[in-house]
Amino acid sequence: MRDHPLSLFSIFLISAALCHGCSTPAPAKHSHALVRTYAELLVFHEKEKMIGMLPDSLYERKLKDFFAERKIDKEEFRKLIAQISRDDAEWRTFLAEATAAADSIKTARPS
């Protein structure tokens, strides 16, 4: 019996897909500290702006203090986040980690 070219090609595609699925994921391009800061920023925004209904001027002042307390340059932070957001897979991973960290922060801190 002669092998059909389409069957060999199908086997090759399935094997390639399985091998690709088994490969180790690429290491994250972001640090745990960056995820944590982003998560804290999410919680800060929710607490101060969404729930606290702070006026923009007071919110911006508190936001400036948020970055100053952590010794982080706000523009540099924005650039790092923008860089991560350009890679869809990396951005999804980053957001999943940040969301989990934000949830952890919310449950650890009393409202």
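Computed quantities for the displayed model
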item: Single residue of Lys79, Lys74, Lys106 found to be touching a residue at least 40 places away in the same chain (Cβ under 8 Å) and of a type in the set (Lys, Arg); result: Lys106
item: Pairs, first assigned to a helix (DSSP H, G or I) in the range 51-67, second of a type in the set (D, E, K, R) and at pLDDT 95 or above, C-beta under 6 Å, six or more apart; result: Phe67/Lys74
item: Residue in the range 62-74 that is within 18 Å of the chain's Cα centre (by Cα) and exposed (fewer than 15 other Cβ atoms within 10 Å of the Cβ) present; result: yes
item: Matching entry among Ala82, Ala89, Ala101, Ala96 (being under 17 Å from Ser31 (Cα atoms) and buried (at least 16 other Cβ atoms within 10 Å of the Cβ)); result: Ala101
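The values are calculated or read from the model by the stated rules, or taken from the named source; none is laboratory data. Since the model is a prediction, treat every value here as computed from it, not as a measurement. Please note: Cβ atoms are built from the backbone with ideal geometry, for glycine as well, and neighbour counts cover all protein chains shown.
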